[in-house]
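Working notes, structure below.
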Amino acid sequence: MPPNNKHGQAPKLLDQIRAAIRLRHYSRRTEQAYVHWARRYVLFHGKRHPRELGAPEVESFLSALATERQVSASTQNQALAALLFLYREVLAQDLPWLENLTRAKPRERRPVVLTREETSNLLGRMSGTHGLMARLIYGTGMRLMECCQLRIKDIDFGQREITIRSGKGGKDRVTMLPASLTPDLQLQCAQARELHNADRRAKAPGVFMPDALARKYPRAATSWSWFWLFPAGQHSSDPVSGIVRRHHIYPQSLQRAIRHAVQAAGIVKPATTHTLRHSFATHLLMGGYDIRTVQELLGHADVTTTMIYTHVLNQGGRGVISPLDR
């Protein structure tokens with residue numbers, strides 16, 4: 001049974017889910033997604049407690065997502081993963097029927113990739129901090145949140161490398177620091193230093209620290225090395241603790257800037273921030289780098305995930321000369 005709260009009452013179900021997720025150090029986005037699907041599941045069945053529900057109710061909920069809401073297979077599988085977590089980790093019910101539920105098979109889709117000319121045109125339409133972040137994502141292959149959450153200590157100008165910490169799956173990895181971005185990154189560090197100094201003069205709370213590092217190293221949160229490389233211009237309330245402090249730049253602002261640049265460049269492909277990561281991998285393979293190297297730089301656990309980019313290597317239909325051209 002979950003421990004009682006300060007009022008002597010058992011915590012609500014959604015609060016139990018949040019506590020279980022934070023205990024396992026899952027990402028903030030995973031927490032939001034799992035809480036969302038648990039709420040949807042309970043509301044779908046008339047606010048009945050999940051302990052009263054079983055396999056038929058889970059299957060009917062997932063079926064409704066596909067037939068009525070017409071969600072994608074990946075979204076349906078995310079909802080199933082949230083319910084698996086709810087029953088196993090929160091309600092401590094390891095039920096056999098959970099394993100036998102049919103998972104939706106995602107469609108195999110080719111990633112959207114820009115040509116070198118399109119990439120150059122897109123990046124040329126961007127400037128300032130957002131332009132630097134877009135070039136950094138394309139130049140290193142990092143994900144959107146990996147870029148937003150970079151700290152000063154993660155940039156090593158001497159070794160010309162960037163450490164990406166707690167990436168997908170909670171893993172760290174090292175990627176290259178593009179030489180062409182060194183001057184702009186050094187300028188970005190100088191601008192971030194001004195905000196750090198302003199926060200210290202104002203005696204503002206330090207930046208967010210992962211896991212239990214805030215208790216283990218109480219002064220680290222206010223140190224320069226742990227400060228954000230891309231800090232937000234204003235302070236905001238921490239969604240977990242409620243502390244008002246400086247967060248990193250909001251990812252939505254970069255996504256919006258890239259969307260506007262795509263339109264300004266006249267690119268008709270449905271390009272997003274993640275398209276720059278796809279283009280990074282594709283252009284490396286086109287340049288002759290082996291797939292294992294690309295896998296390591298992208299942080300893929302399995303090389304089969306990286307294999308999706310081999311469509312650029314004149315294999316399959318693109319490697320066949322049409323009889324019309326003969």
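The values are calculated or read from the model by the stated rules, or taken from the named source; none is laboratory data. All figures in this text were calculated on a predicted structure; none of them were measured in a lab. Positions of Cβ are backbone-derived with ideal geometry, glycine not excepted, and every protein chain shown enters the neighbour counts.
Only one of Gly233, Gly158 is farther than 20 Å from Ala134 by Cα and surrounded by fewer than 16 Cβ atoms within 10 Å (Cβ to Cβ); which?
Within the list Gly233, Gly158, the selection yields Gly158.
Only one residue in Val244, Val240 is out of contact with any strand residue (DSSP E or B) (no Cβ under 8 Å at 6 or more places or on another chain), modelled with pLDDT under 95 and among the β-branched types (Val, Ile, Thr), so which one is that?
On the way: Val244 fails: out of contact with any strand residue (DSSP E or B) (no Cβ under 8 Å at 6 or more places or on another chain).
It is Val240.
What are the residue pairs meeting all of these: first residue in segment 50-68, first residue surrounded by fewer than 13 Cβ atoms within 10 Å (Cβ to Cβ), second residue part of a loop (DSSP other than H, G, I, E, B), Cβ atoms under 7 Å, and 6 or more apart or on different chains?
Note: pairs meeting the criteria are Arg51/Leu91.
When you check Glu31 against the structure, is it modelled with pLDDT of 80 or more and either among the acidic types (Asp, Glu) or over 29 Å from the mean Cα position of the chain (by Cα) (or both), yes or no? Working first, answer last.
On the way: modelled with pLDDT of 80 or more: yes; either among the acidic types (Asp, Glu) or over 29 Å from the mean Cα position of the chain (by Cα) (or both): yes.
It is true that Glu31 is modelled with pLDDT of 80 or more and either among the acidic types (Asp, Glu) or over 29 Å from the mean Cα position of the chain (by Cα) (or both).
Would you please name the residue that is surrounded by the fewest Cβ atoms within 10 Å (Cβ to Cβ), looking only at residues in segment 276-291 that are closer than 13 Å to Met307 by Cβ and within 22 Å of the chain's Cα centre (by Cα)?
At the first step, the residues of segment 276-291 found to be closer than 13 Å to Met307 by Cβ are 281-282, 285, 290-291.
Narrowing the set further to residues that are within 22 Å of the chain's Cα centre (by Cα) leaves 281-282.
Details: Ala281: 24, Thr282: 22.
Once the filter is applied, the top-ranked residue is Thr282.
In segment 236-250, what count of residues is obtained for those that are under 23 Å from Leu187 (Cβ atoms) and surrounded by fewer than 17 Cβ atoms within 10 Å (Cβ to Cβ)?
Here is the first cut: in segment 236-250, the ones under 23 Å from Leu187 (Cβ atoms) are 246-250.
Add one more test, that the residue is surrounded by fewer than 17 Cβ atoms within 10 Å (Cβ to Cβ), and what stays is 250.
The number of residues fulfilling the criteria is 1.
Does Ala92 satisfy the condition of being at pLDDT 80 or above and not in a helix (DSSP H, G or I)? Working first, answer last.
Working: at pLDDT 80 or above: yes; not in a helix (DSSP H, G or I): yes.
Taking the combined requirement at face value, the residue satisfies it.
Among residues belonging to segment 211-230 that are surrounded by 13 or more Cβ atoms within 10 Å (Cβ to Cβ) and within 22 Å of the chain's Cα centre (by Cα), point out the one that is modelled with the lowest pLDDT. Break it down into steps so the answer makes sense when it comes.
Step one: list which residues in segment 211-230 are surrounded by 13 or more Cβ atoms within 10 Å (Cβ to Cβ), which gives 213-214, 220-224, 226-230.
Among the residues that remain, those that are also within 22 Å of the chain's Cα centre (by Cα) are: 213, 226-230.
On the way: Leu213: 78, Trp226: 96, Phe227: 97, Trp228: 97, Leu229: 97, Phe230: 97.
Step by step, filter segment 211-230, then rank; the result is Leu213.
Is it fair to say Arg245 is part of a helix (DSSP H, G or I), among the basic types (Lys, Arg) and on the phi < 0 side of the Ramachandran plot? It would help to see each step written out before you state the result.
Values: part of a helix (DSSP H, G or I): no; among the basic types (Lys, Arg): yes; on the phi < 0 side of the Ramachandran plot: yes.
Taking the combined requirement at face value, the residue does not satisfy it.
Can you spot a residue in segment 250-261 that is over 23 Å from His25 (Cβ atoms), of a type in the set (Lys, Arg) and outside any helix (DSSP H, G or I)? Write out each step before concluding.
Step one: list which residues in segment 250-261 are over 23 Å from His25 (Cβ atoms), which gives 252-261.
Adding the requirement that they be of a type in the set (Lys, Arg) leaves 256, 259.
Narrowing the set further to residues that are outside any helix (DSSP H, G or I) leaves none.
There is no residue in segment 250-261 that is over 23 Å from His25 (Cβ atoms), of a type in the set (Lys, Arg) and outside any helix (DSSP H, G or I).
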